[in-house]
Amino acid sequence: MVLPAATLDHVVINARDDMDRAADVYRRLGFTLTERGYHSLGSVNHLAMFGTDYLELIAIPKGASSGRLDLLDYAFGLNGLVFGSEDSAATYSALHQAGVPVEPPLEFTRPVKVDGQTRDARFRTVRMKTGVVPYGRVYYCHHFTRNLVWRDEWRSHDNGSVAVARATIVEPDPATGAKLYADMFGADAVRQTEGGRAVIVGNSRLDILTAEALGAQVGREAIPDAAGRLAYMAGLAFRTTSLARAAAALRRGSIPFVERSGRLVVAAREAINAVIEFVE
């Protein structure tokens, strides 16, 4: 049995039913967003595309009475970590054999306008079973139509971002929180770090930290509103070609930020309850 390779596909910000606000905020953060997409499952989205991964803003239409109403119950802010799969059937089989509690693959589509034509982007996901992850959604995504998602015209951002450098999770017991990822990717993918654990995910990393450790890194005033949760997805760091370029984009967007230890930090209250960092 060979476990799936640890690669990051995308990260998800849940805007619940206020996509207009989320899209405005992330454009002012300096991201180029794709046109609004409409999933066959009933949700809507915008994407900020990078080299091999991307940021997704997801929501349901205001006033919706059907579709992805579960998004209203999920945490506001960073709520999804999505890993890559080239073969969802093989991914499901390997994880199932390893004892990782996953659901069978689920397929869905989203119309995409490319070169004046509308075509269907197709995906198949392998998700953790309900209740396995206390802080959000963790799953794998298999893209059947990568050419409709990774397009060069969508990869240029005012803030210079080229990749997701890291995602952070607050967890009172990082060692326990890291066990799932050791089961998913193998024990070698998990490293001990100051204040928690790091999971190496291709060119990115997932940091599982105590709230105190994250506060020491980004400033306590910058961390998200936990809304009573002990464990939660907290933030994202984006790799930029230039911190000066990122800072200029934030100023143009009237987004407050501070510089800490060679990175720019935008408090979660300014970015849909997710602390955002820019690093070179």
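Quick notes on this one:
- Taking the Cα centre of the chain as origin and assigning +1 to Lys and Arg Cβ atoms and -1 to Asp and Glu Cβ atoms, the resulting dipole is close to 360 debye.
- Among beta bridges that DSSP assigns inside the chain, antiparallel share in %, nearest 5: 70
- The dipole here belongs to the range 8-154: it is taken about the Cα centre, uses +1 on the Cβ of Lys and Arg and -1 on the Cβ of Asp and Glu, and is about 180 debye.
- In units of the compact-protein estimate 2.2 N^0.38 Å, the range 170-214 shows a Cα radius of gyration of 1.03.
- Those aspartates and glutamates that a straight Cα-Cα span of less than 20 Å connects to residue 129, excepting residues fewer than 8 apart in one chain: 9, 70, 73, 87, 103, 107, 171, 183
- Span-rule helices in the chain, defined as complete DSSP H runs reaching 15 Å or more along the axis (Cα) with Kyte mean at least 0.0: 174-185
Computed from the coordinates by the stated procedures, all read-outs in this text should not be read as laboratory data. All of these numbers come straight from a predicted model, not from anything done at the bench. Here Cβ is always computed from backbone atoms with ideal geometry, including for glycine, and neighbour counts include all displayed protein chains.
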